[in-house]
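Asks: My questions all concern the structure below.
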């Protein structure tokens with residue numbers, strides 16, 4: 001199994017972003033209209049909601065539209081208001097014992113993975129793993145604020161935004177965990193998600209989002225793929241969300257556990273998943289260091305580091321084994 005990643009630095013939207021859009025838009029367009037374009041909100045509704053909830057991103061949104069040619073479908077897609085559903089299975093942990101770090105595994109179908117790590121400076125410098133071409137799966141900003149998402153394990157779908165654009169908005173406009181929490185409480189998410197956020201002071205929170213109820217701000221340092229209770233038993237069993245959460249709890253309760261220990265545990269079962277054929281393999285482990293303003297992408301026996309002071313544009317290919325015990329990094 002091969003995983004392809006591309007680190008791209010472009011401070012303002014331009015030709016590099018346009019190239020990414022042209023590469024991925026045919027696939028996203030097919031997904032976006034998969035159950036009928038009439039089932040997606042119109043441009044007036046989508047853009048109106050976007051301006052209401054994320055006005056600070058308005059200028060960037062307009063620039064992106066110019067780069068895409070300004071089609072109606074692309075304009076609606078880029079607001080990420082009420083997109084089709086999508087699922088992933090992830091584990092994430094805010095660690096503060098001997099290092100301040102946000103660690104997460106991203107488990108998804110490798111054939112649907114953008115694999116773009118973007119360095120941008122739109123409203124402030126941000127390094128983030130891209131989704132939906134300008135949204136965020138996980139990332140860090142120059143202020144040190146770090147954030148990641150995990151599916152919340154509920155079937156409910158409602159009116160709201162795709163979570164990647166909410167994370168982008170947070171990294172563009174916030175500096176502290178308290179600010180991020182207010183955004184998560186204010187902007188509606190169209191599906192259930194667990195978002196873990198951490199700032200340079202080591203203050204963290206995991207917030208449970210759902211379109212049918214108020215956000216729940218927890219003091220938990222971790223998130224897997226369920227919220228207070230199991231709502232979707234088949235999904236919970238298939239993704240081992242209970243087992244992964246219990247494993248993280250046990251790690252936190254070990255007095256001698258240190259940062260290197262916990263980082264390595266994310267590269268092993270039950271946190272590291274090799275079910276690639278069914279769309280739930282671990283594509284990468286990311287580690288964000290809010291105080292050092294840097295990040296790492298990890299695989300068994302390999303790692304890739306980037307920072308705001310030293311960001312290198314390059315393409316890499318990671319060859320993994322189905323057992324997950326080895327990987328080969330080809331730069």
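Asks: Which members of segment 198-220 meet the condition of being touching a helix residue (DSSP H, G or I) at 6+ places or on another chain (Cβ under 7 Å), assigned to a loop (DSSP other than H, G, I, E, B) and within 26 Å of residue 281 (Cβ to Cβ)?
Replies: None; the set is empty.
Asks: Name the pairs: first residue in segment 257-274 and at positive phi, second residue at pLDDT 95 or above and assigned to a loop (DSSP other than H, G, I, E, B), Cβ to Cβ under 7 Å, at least 6 apart or on different chains?
Replies: Taking only residues 6 or more apart or on different chains, not a single pair turns up.
Asks: State which residue pairs qualify: first residue within 11 Å of residue 74 (Cα to Cα) and inside segment 21-46, second residue in a loop (DSSP other than H, G, I, E, B) in any location, beta carbons under 6 Å apart, and separation of 6 or more residues or different chains.
Replies: 21/133
Asks: Going by the structure shown, is residue 91 touching a strand residue (DSSP E or B) at 6+ places or on another chain (Cβ under 9 Å), surrounded by 18 or more Cβ atoms within 10 Å (Cβ to Cβ) and more than 17 Å from residue 168 (Cβ to Cβ)?
Replies: yes
Asks: Can I ask one more? Any residue at all in segment 58-76 that's surrounded by fewer than 20 Cβ atoms within 10 Å (Cβ to Cβ) and over 24 Å from residue 27 (Cα atoms)?
Replies: yes
Asks: Turning to a different aspect of this structure: Could you tell me which numbered condition residue 103 fails, if it satisfies all but one of (1) within 17 Å of residue 299 (Cα to Cα); (2) surrounded by fewer than 24 Cβ atoms within 10 Å (Cβ to Cβ); (3) in contact with a helix residue (DSSP H, G or I) (Cβ under 9 Å, 6 or more places away or on another chain)?
Replies: (2)
Asks: Can residue 38 be described as at pLDDT 95 or above, in a helix (DSSP H, G or I) and farther than 30 Å from residue 238 by Cα?
Replies: When the stated conditions are applied, residue 38 does not pass them.
Asks: Cβ-Cβ distance below 7 Å, separation of 6 or more or different chains: which pairs start in segment 230-241 with a residue that is under 15 Å from residue 156 (Cβ atoms) and not assigned by TED's automatic domain parsing to the domain that holds residue 274 and end on one that is modelled with pLDDT of 95 or more and in a loop (DSSP other than H, G, I, E, B)?
Replies: none
Asks: Looking at (1) part of a strand (DSSP E or B); (2) crowded, with 24+ Cβ neighbours inside 10 Å, can you tell me which one residue 83 breaks?
Replies: (1)
Asks: Take residue 264 and decide whether it is in the same structural domain as residue 161 (by TED's automatic domain parsing), surrounded by fewer than 16 Cβ atoms within 10 Å (Cβ to Cβ) and closer than 25 Å to residue 303 by Cβ.
Replies: Judged against the criteria, residue 264 is a match.
Asks: When you go through 2, 27 one by one, which is the residue that is within 28 Å of residue 298 (Cα to Cα) and at pLDDT below 95?
Replies: Sole residue among the options that is within 28 Å of residue 298 (Cα to Cα) and at pLDDT below 95: 2.
Asks: Follow-up. Would you pick out the residues in segment 245-261 that are under 11 Å from residue 222 (Cα atoms) and exposed (fewer than 13 other Cβ atoms within 10 Å of the Cβ)?
Replies: 249
The values are calculated or read from the model by the stated rules, or taken from the named source; none is laboratory data. No experiment lies behind these values; they were computed from the predicted model shown. Cβ coordinates were reconstructed from backbone atoms using ideal geometry, including for glycine residues, and neighbour counts include every protein chain displayed.
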